[in-house]
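Written out below as structure tokens is the structure these notes cover.
The values are calculated or read from the model by the stated rules, or taken from the named source; none is laboratory data. Since we're looking at a predicted model, the values are computed, not measured. Using ideal geometry, Cβ is built from the backbone for each residue, glycine included, and neighbour counts are taken over all protein chains shown. In case anyone asks, the SASA skips ligands and DNA or RNA and just uses the protein heavy atoms, side chains included. Shrake-Rupley method; radii C 1.70, N 1.55, O 1.52, S 1.80 Å.
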Amino acid sequence: LISLRVKLQKDNLVIDSLASLFKGADWIEREIHEILGIDFKGHPNLKRLLLPDEWPQGVYPLRRDYKEWDKDAIRDRGV
């Protein structure tokens, strides 16, 4: 198990990809790119993995500054 932490400047969310070194980094880098907006330089395929096709570009749901983009969305946490 490998866990890495890096600090990135909010105005420059780019880091080198590890996908060429570790095959398992491919999916987690795609996921992080999609939900946090971090670009992985050199990643072979940063296409969507989790969010629906109608999700707008540039909206990242796990960022602190996330604002709901769909006012009709029902966010039921099953409570």
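Structure data summary
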item: Using alpha-carbon coordinates, inclination of helix 25-36 to the longest axis of the chain, degrees; result: 40 degrees
item: Point-to-point label distance, Leu4-Leu62, nm (Cα→Cβ direction, 7 Å offset); result: 1.6 nm
item: Relative contact order of the chain, defined on C-alpha pairs under 8 angstrom at six or more residues apart (%); result: 24 percent
item: Percent carbon-and-sulfur accessible area, the chain, ignoring ligands, DNA and RNA, probe 1.4 Å; result: 53 percent
item: The chain - accessible surface per residue (Å², probe 1.4 Å); result: 87 Å²
item: For the chain, built as a Gaussian network whose Cα springs stay under 10 Å, the top-fluctuating residue of Glu68, Glu29, Glu54; result: Glu54
item: Pairwise label distance in nanometres, Phe22 with Ile35, each label 7 Å out on the Cα-Cβ vector; result: 1.7 nm
